[in-house]
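Notes for the one structure printed next.
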Amino acid sequence: MKKFLYLISPNKINEYFYKNLEDVLSTNKVQYFQLRLKKYSDSNLIKIGKKVKTITRKYKVKLIINDSHLLAKKIAADGCHLGQSDGSVKNARKFLKKKIVGLTCHGSKKLILKAIKQKPDYIAIGSFFKSRLKPHAKKAQTNLIIWSKLRTNLPIVAIGGINNKNYKSLMKFGVNYLAISSYIWNNPRLKPKEAIKLFYKNENTR
């Protein structure tokens, strides 16, 4: 089965994180793992990133560093994910060469068209649902997925409030990957491995 999940880290790394990450990646559902820690120093990020890299490599998951191609290079990650204020894809490629560069497009057709010209390795679109990770993000409509797929063959990562109840509605529109975070790490009812097992592909989701 093709891996279809793009897992984003929790906001804080606690004593259980590394074991939970191993458990989650062992399910063989995750293609990308993004380290997204907004409030950590670069030195801490490098230390955490290198530890995470040993786990992602074990399970053949691509490690993506959020916001910074410089940190991605220092960690020797598989790539970086750029927000709209994190510089150009062209500049990131100068540092990362043939590694992965992803780009956030929010729910904007204008940003999607601009991104297509920059030729990232994937584009992230959303937020499709209310998100705890980005509570003030503008909501995107599902028909934006179809609109995008008519204009580019770039892989599309759907993001924003995705859980086991709503993810299939996005897969029906043909997204390539589902970005998930809070439902896995901050689930009040389920442990991370139990939560991720509720995501699966079948013929009726496409």
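Summary of values
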| read-out | value |
| --- | --- |
| Cβ pairs under 9 Å, 6+ apart, first in the stretch 19-33 and in contact (Cβ under 8 Å) with a residue 24 or more places away in the chain and over 18 Å from Tyr200 (Cβ atoms), second open to solvent by 10 Å² or more (accessible area, probe 1.4 Å) and assigned to a strand (DSSP E or B) | Phe33/Lys62 |
| Which listed residue is over 16 Å from Ile180 (Cα atoms), at pLDDT below 95 and open to solvent by 10 Å² or more (accessible area, probe 1.4 Å), from Asp86, Asp121 | Asp86 |
| Scan of the stretch 13-40 for residues that are closer than 22 Å to Lys134 by Cβ and loosely packed, with under 14 Cβ neighbours inside 10 Å, ordered by number | Asn14, Lys38, Lys39 |
| Residues of the stretch 164-199 classified as open to solvent by 10 Å² or more (accessible area, probe 1.4 Å) and either free of Cβ contacts under 8 Å to residues at least 24 places away in the same chain or not in a loop (DSSP other than H, G, I, E, B) (or both), total | 14 |
| Any hit, the stretch 43-58, residues being crowded, with 22+ Cβ neighbours inside 10 Å and in contact with a His (Cβ under 9 Å, 6 or more places away or on another chain) | no |
| Enumerated helices (runs of 4 or more DSSP H) restricted to the stretch 50-135, each holding at least 3 residues that are of a type outside the set (D, E, K, R) and out of contact with any helix residue (DSSP H, G or I) (no Cβ under 7 Å at 6 or more places or on another chain) | 109-118 |
| Residue match in the stretch 75-96 (condition: over 13 Å from the mean Cα position of the chain (by Cα), closer than 26 Å to Gly174 by Cα and polar (S, T, N, Q)) | yes |
| Which listed residue, of Lys109, Lys90, Lys2, is under 28 Å from Pro135 (Cα atoms), of a type in the set (Lys, Arg) and touching a residue at least 12 places away in the same chain (Cβ under 8 Å) | Lys109 |
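The values are calculated or read from the model by the stated rules, or taken from the named source; none is laboratory data. As the structure is a computational prediction, the values presented were derived from the model and not from experiment. Cβ sites come from the backbone with ideal geometry, for glycine too, and all protein chains shown count toward neighbours. SASA here: full protein model, heavy atoms, side chains in, ligands and nucleic acids out. Shrake-Rupley method; radii C 1.70, N 1.55, O 1.52, S 1.80 Å.
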